[in-house]
């Protein structure tokens, strides 16, 4: 599965159980760590965890095993590492504070690189 199809799978899995404000960031020109960052919000810690679990299950079913998950104990910000895509699911207050979209959407020329899912 190429990284763009994986990104689409992640967005669909988030949308399936009502992830909020889903943003895809194409970071291929900014880092070699990953191709995509997908940022989404959940309405509660339980919802955040359910969103990450759904993405993980869908990725596994497609033959793409996650290499790691961080933040499950708190549920305010969970990071799912799918190698070609990093999935950040957060509570809205945490997302607003860290503002990853702004941090990762600025290209060297200053143009925004974000795309809505």
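Evaluate the following for residue 96: is it buried (at least 16 other Cβ atoms within 10 Å of the Cβ), at pLDDT below 95 and not in a loop (DSSP other than H, G, I, E, B)?
no
When the residues of the stretch 34-51 are filtered to those that are within 21 Å of residue 103 (Cα to Cα) and either free of Cβ contacts under 8 Å to residues at least 60 places away in the same chain or out of contact with any strand residue (DSSP E or B) (no Cβ under 9 Å at 6 or more places or on another chain) (or both), which remaining residue is surrounded by the fewest Cβ atoms within 10 Å (Cβ to Cβ)? Even if it seems obvious, please write down each step before you answer.
Filtering the stretch 34-51 for residues within 21 Å of residue 103 (Cα to Cα) gives 34-42.
With the extra rule that they be either free of Cβ contacts under 8 Å to residues at least 60 places away in the same chain or out of contact with any strand residue (DSSP E or B) (no Cβ under 9 Å at 6 or more places or on another chain) (or both), the set shrinks to 34-36, 40-42.
On the way: 34: 19, 35: 21, 36: 22, 40: 26, 41: 22, 42: 25.
Among them, the one singled out is 34.
Scan the stretch 9-33 for residues that are surrounded by fewer than 16 Cβ atoms within 10 Å (Cβ to Cβ) and in a helix (DSSP H, G or I) and jot them down.
Correct list: 12, 15, 16.
Name the residues in the stretch 77-87 that are at pLDDT 95 or above and assigned to a loop (DSSP other than H, G, I, E, B), would you?
Of everything in the stretch 77-87, just one residue is at pLDDT 95 or above and assigned to a loop (DSSP other than H, G, I, E, B), namely 82.
Determine whether residue 37 is in a strand (DSSP E or B) and on the phi < 0 side of the Ramachandran plot.
Yes, satisfied.
The values are calculated or read from the model by the stated rules, or taken from the named source; none is laboratory data. Here the structure is a predicted model, which is why all the values come from computation and not from measurement. Glycine also receives a Cβ, built like all others from the backbone with ideal geometry; neighbour counts cover every protein chain displayed.
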